[in-house]
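Okay, structure first, notes after.
A short reminder: the numbers here are calculations on the coordinates, not readings from a lab. Note that the structure is a prediction, hence the values are computed from the model and not measured. Cβ coordinates were reconstructed from backbone atoms using ideal geometry, including for glycine residues, and neighbour counts include every protein chain displayed.
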């Protein structure tokens, strides 16, 4: 089963002085308020946060529902937006694979793949023995989902008190937080180049193909950064 | 719960879980020291950076009402705060929310 020691160590990782908990809560406060404006009830809002647990996907669902999109359209739009989770999973799970751990833990805990949890794990995995990294990861995931649920609840309950300026403040907080985390994580040539190229290519490709811009920028920017990094090493 | 909303939530969660699950399944044969792993790591960081840049420059939702210059100013000032606060994540994040509300209201 899950090692309690490492599970709670992971759970407590969001209680650090530079924790993502505040930013994550604020982002989900905005989502909670948005859900209420869309006509969701509190159960549906929390159900959505727990089951989806990805901000861009939730936003796309909300926007699609506003324009009356079909379920197939919602599925495809969310799938495109959240396709970024695939390389994130592939670049994280090999760090946690251990033959002593059952596979169900990996399949279950892949649900926790999201930017905040992924960046926390990437910054801390070296401090945890490989055998127990999956338990630590489940702890991080449980903590970030808990915080997201609390944020959704607060946003839903207090949506009437959130004016437009406050909602804008909550909306800018998410990209700023992720940007700072990524700048902080850029410690090698390959990662630094990946971040810089992604930042440049994302908006440029958006002008040509809005639907594919994130994936194309990721593939082109990431591949160029990888090749330049390998060339620099050799 | 309304049936339409529940179906939309289920479809959204299925579409999200699909990428996560496929990633977990296909990553099983990849070693963390392999070139393939390094490449995927670069792809993940570049994809996230592209998502962040798109959110700031071509936002969806409420941020569309803020001007391009105000969004960019807030982000640049927040990154500056990040560096002068010795790479603390909380200060620039809180600063960005307050700064955005102030700029949008008074400037």
For this session: Pull out a ≥ b ≥ c, the square roots of the eigenvalues of the alpha-carbon gyration tensor of chain A, then state rounded if a/c is under 1.5, prolate if not and a/b is larger than b/c, and oblate in the remaining case.
Result: oblate
For this session: May I have the extent of the alpha carbons of the range A:186-234 along their three principal axes, as whole Å values ordered from largest to smallest?
Result: 36, 16, 12
For this session: Would you mind checking the tilt of helix B:35-57 against the longest principal axis of the Cα atoms of chain B, expressed as 0 to 90 degrees and rounded to 10?
Result: 30 degrees
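Among A:2, A:90, which comes first, second and so on when ranked by fewest other beta-carbon atoms within 10 Å?
Working: A:2 19, A:90 24.
Going from least to most buried by this count: A:2, A:90.
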Problem set entry | Cα-based helix-to-principal-axis angle, B:90-106 vs chain B, degrees rounded to 10 | 50 degrees
Seminar exercise, completed: Label model pair residue B:26, residue A:38: point-to-point distance (7 angstrom along the Cα→beta-carbon line) in nm is 2.8 nm
Exercise. Given 25 °C and 0.890 mPa s, how large is the Stokes-Einstein diffusion coefficient of the range A:78-134 in µm²/s, with Rh as the Kirkwood radius over Cα pairs?
Worked result: 205 µm²/s
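For every helix of n ≥ 4 consecutive DSSP H residues, a contribution of -39,500 (n - 2.57) applies; sum these over the protein assembly as shown, divide by its total residues, and give [θ] at 222 nm rounded to the nearest 500 deg cm²/dmol. Intermediate values should be presented prior to the final figure.
On the way: 16 runs with 253 residues, N = 341.
Calculated from helices alone, the mean residue ellipticity at 222 nm is -24500 deg cm²/dmol.
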Problem set entry | Residue exposure sequence - A:135, B:65 - by fewest surrounding Cβ within 10 Å | B:65, A:135
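So how do A:104, A:212 line up by other beta-carbon neighbours within 10 Å, fewest first?
Details: A:104 8, A:212 14.
Ranked by crowding around the Cβ, least crowded first: A:104, A:212.
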Exercise. On average, how much area does the Cα convex hull of the range A:12-108 cover when viewed from any direction, in nm²?
Worked result: 8.3 nm²
